[in-house]
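Remarks on the structure that follows.
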């Protein structure tokens, strides 16, 4: 597996009474969604259009929510494009298709019930795809608030008192996605997401103030594109930064090891810590075993790291050792999932 060794950043504590310092390392986390290896070709479909039975309700909703013409439609299409483009950048799939289907929703503005497996299988068979990414919800809801404040207006006759009107528009955008696997009849993911965007303007009267609220459709389309791109990332492993404590006090070897670590020379730092793993003092030996677990995690040797952390706790009652064992076991589970996600054969 590539790029598995962590990037290391040390944060040093300047308080002389501390027995530990922090080291930050980058860990590759498994993606939230695991795609089975047999899924090679995927289709992207739009299921956000209202069905004939609910068109009247949808039109009424658009009037009361101040939606512009085709605002939801354009935003949904931007979201489909954003997802498709991002999936095409990922070598995980051999083919990504935007499918032209007449899928409709009976619950405009809400996450609909899943598609039937008969429909999913039919779409996949007709388009020669192994799975479907479906945009099942794209809805905008807009509210405008007006306020008036006293101000001074400059005229040819000088400054005169006046009223300045402010208009603020807030648009809430809701999206929802599902991934259908027809082979196992399994919904691999179901993910709703909401975001708000706001606009403000001012003028000498409410009409002028409201007329300044321009660019909303472009903003909604931009948010739609980003929503599609972000959803594509749910099948991609990602890096996070985590912190670990390591001991810097206990003997001269700890102090030397600390200085080695401060210069990034972790290999030599470990040679000084290892010397203390058999120290007659249980406290010192436990700290040394714990530090050996740290260096092994940094080097990507999780099994050895777990063994050292276990020894720190079991043999020397180092409390950090027990917590660290649990953390390392969690990393092993994460890495097993990563292996599955990176297996494409």
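Quick notes on this structure:
- Taking every residue in the range 288-308 that is not assigned by TED's automatic domain parsing to the domain that holds residue 251 and pairing it with any residue that is at pLDDT below 95 and buried (at least 21 other Cβ atoms within 10 Å of the Cβ), at least 6 positions away or on another chain, yields no pair with a Cβ-Cβ distance below 9 Å.
- Count - residues of the range 231-273 that are over 30 Å from residue 34 (Cβ atoms) and surrounded by fewer than 16 Cβ atoms within 10 Å (Cβ to Cβ): 11
The values are calculated or read from the model by the stated rules, or taken from the named source; none is laboratory data. Not measured: the values here are computed from a predicted model. In this analysis, Cβ positions are derived from the backbone assuming ideal geometry, glycine residues included, and neighbour counts consider all displayed protein chains.
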